[in-house]
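A.B. asks: Encoded as structure tokens, here's the structure I'll be asking about.
Nothing in this text is a laboratory measurement; each read-out follows from the coordinates by a stated rule. Please read these numbers as outputs of a predicted model, since none were measured by experiment. So basically every Cβ, Gly included, is an ideal-geometry build from the backbone, and we count neighbours across all protein chains shown.
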Amino acid sequence: MSSLEASAEDGLPTLGHFIGGKEVSGGTRKAEVFNPATGEVSRMVSLADAATLDSAVQAAQDAYPAWRQTPPQKRAQILFRFKQLLEQHAEEICTLITLEHGKVIDDAHGELSRGIEVVEYACGISELLKGEFSKNAGPDIDSWSEFQPLGIVAGITPFNFPAMVPMWMFPLAIACGNTFILKPSERDPSASIRIARLLSEAGLPDGVFNVVNGDADTVQLILDEKRIQAVSFVGSTPIAESIYQRGTAAGKRVQALGGAKNHAVIMPDADVDNAVSALMGAAYGSCGERCMAISVAVCVGDEVADAVVARLEERIGRMKVGPGINANNDMGPLVTRAALQRVLHYLEEGQQQGAELVVDGRDLNVEGFEQGFFLGPCLFDQVTRGMSIYQDEIFGPVLCVMRVDSLQQAMELINEHEYGNGTCLFTRDGESARFFTDNIQVGMVGINVALPVPVASQSFGGWKRSLFGDLYVYGPDAIRFYTRRKTMTQRWPASKISEKTHYAFPSS
Ligand code: NAD
């Protein structure tokens, strides 16, 4: 008997799926969902099989014709009610997030509010879908483009933002008239089901939004499903790349956002106290499990580096690490034991490869939570380009300090790294800032802003191996991703067309 079956027999609750407006069970396989603070299994989650996915696709297909024809302002009214419900139920949703992800409750509120901002943007869908019109494109001829929905689209999301990342996708997808199937992370699936119920309560017709829980096997079924027209994926780079390749080969439209290694450059003229305050939140917030986390601080000159390291060490000493549900804590545990082991492995490798471990988070003991997946904040100095702690995305509370002599050297490092998600520069000099924003090979850039996550009316995405596909998520790019342009050319009156036949290509 597998440990999963044993746990199921222990009588733990099992989370199912949300299909056609109802919570349903489906699939015989299950996975364990942990409370990362205690290390205990808190529930099981069903992993969808082919029949479960088929019923979700059928529900989405049945709902599509009427939803597509629903006027955009009516769709917006439902989304507006949904936004209000999200706000009313914020504490409950954020508690679910904290208990399964581990992040501190304030951070869960932060992610939810960034998700709500996308819902607010989607409420303007009437304006966003207005289309384009050319009067008198030729004699008596008018031409216009409209943006029609694709049909059924799917979203596959990572564990680290169980509410926000799905909300980067579905509010705009459904606002555009599509129906949606979400496959959330199997590590923290409960928030998605709660959100699905709120959408129903807001008046969303059954089948427009469905949640299919599952793992890699379920994702393969989604990629093979011909009725699904497009896939938005957010997760690690190897999986993003394979999903992009398989999905596009199957004729789907795919945007696949991957991993990151985000550098902050601290110039000699920067306000070091401000930079260090910003770095603390950006490196250790959410235990470093953010795709926009700063994991490398590149200090220009040894003087800045010494000051940054000393202040970081002092600030780290004051951090409170413990269960995220306790609002006094600054940082919670990692998401799973496997995630913890992975980070521990990098700490060993970093030391073996010659980096100086200034603060060793392994010394941490969280009393009463000895089985939790905790690791204290870690700080490496003297990190160099060839080390695996520099090359790889660690996705944990580990900040690497690198020392360079000039802004150009810092920018070379960043531009040569395989990832290009986010970066930032701390400086008081406008010329350096402008040079940096003009020339850095990264998709999202901050100047004295450590986490430059774009607002909902912009779009979010990285360069290089941080994004496969052409369009970013949310904002204006999402309207293009979730619609297909159709261009009409129309002549009125239709009579009195010259009797002479023209064989030349029509021109105005
Ligand atoms: P992950 O790649 O392990 O999983 C993401 C999703 O893919 C999950 O739904 C998972 O069930 C599914 N999946 C896992 N293995 C699969 C496989 N072999 N085939 C098909 N599907 C599979 O990522 P994660 O650990 O949940 O999330 C952390 C990663 O996500 C980090 O690399 C982080 O940088 C990245 N991320 C990126 C962004 C961004 O905007 N670029 C945002 C958030 C997270």
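A.B. asks: With respect to the cross-link table entries K261/K320; K83/K103; K30/K103; K22/K226, which display a Cα-Cα separation exceeding 30 Å?
C.D. replies: Beyond 30 Å between Cα atoms: no listed pair.
A.B. asks: Rounded to the nearest 5, what % of DSSP beta bridges with both residues in the chain are antiparallel?
C.D. replies: 40
A.B. asks: Only loop residues by DSSP count here, and only those with at most 16 other Cβ atoms within 10 Å; note down the GluC sites (Glu not before Pro) in segment 302-380 that meet that.
C.D. replies: Taking segment 302-380 and a limit of 16 other Cβ atoms within 10 Å, the loop GluC sites (Glu not before Pro) found are E367, E370.
A.B. asks: Could you name the lysines in cross-link range of K130, using Cα to Cα under 16 Å and dropping any fewer than eight places away on the same chain?
C.D. replies: Result set, ordered by chain and number: K74, K486.
A.B. asks: Obtain the nm distance between the two label points defined at T70 and Q341 by a simple spin-label model: each point lies 7 Å from its Cα along the Cα-to-C-beta direction.
C.D. replies: Once both label points are built, they end up 4.5 nm from each other.
A.B. asks: Please list the radius of gyration and Dmax for the chain, considering alpha-carbon atoms only, with Å as the unit.
C.D. replies: Here Rg and the maximum Cα pair distance are 24.8, 91 Å.
A.B. asks: Can you list the residues of segment 125-148 with backbone N under 19 Å from a point 7 Å past the Cα of Y503, pointing along Cα to Cβ?
C.D. replies: none
A.B. asks: Something else about it: Taking the mean number of other Cβ atoms within 10 Å as a proxy for protection, how do you rank 290-300, 270-280 from highest to lowest?
C.D. replies: For the peptides 290-300, 270-280, the packing ranking is 290-300, 270-280.
A.B. asks: Out of residues 5 or more away from L257 or on other chains, whose amide H comes under 5 Å of its own, with H placed 1.01 Å from N in the peptide plane?
C.D. replies: F233, V234, G235, F468
A.B. asks: Next question, about the same structure. Taking amide H atoms as placed 1.01 Å from N in the peptide plane, list the residues 5 or more away in sequence, or in a different chain, whose amide H sits under 5 Å from that of G21.
C.D. replies: HN-HN under 5 Å from G21: G207.
A.B. asks: So, one more: What ranking, highest mean first, results for peptides 149-159, 331-341 when packing means the other Cβ atoms within 10 Å averaged over each residue?
C.D. replies: By packing density, highest mean first, the sequence is 149-159, 331-341.
A.B. asks: I need the fraction of alpha carbon pairs in segment 262-447 separated by more than 25 Å, rounded to a whole percent.
C.D. replies: 30
A.B. asks: Run through the DSSP bridge list for segment 262-447 and note the antiparallel percent, rounded to the nearest 5. Intermediate values should be presented prior to the final figure.
C.D. replies: Working: 3 of 25 bridges.
Taking every DSSP beta bridge with both residues in segment 262-447, the antiparallel ones total about 10 percent.
A.B. asks: Can you work out the FRET efficiency for the pair Q408 and D360, with r the C-beta to C-beta distance and R0 = 30 Å, to the nearest 0.05?
C.D. replies: Plugging the Cβ-Cβ distance into 1/(1 + (r/R0)^6) gives 0.35.
A.B. asks: Right, next: Given H placed on each backbone N at 1.01 Å, which residues far from R29 in sequence or on other chains put an amide H within less than 5 Å of it?
C.D. replies: So R29 has HN proximity to L47.
A.B. asks: As an exercise, use a Förster radius of 30 Å and the Cβ-Cβ distance of E416 and N274 to find the FRET efficiency, rounded to the nearest 0.05.
C.D. replies: On the way: r = 28 Å, r/R0 = 0.93.
Efficiency, from the Cβ-Cβ distance: 0.60.
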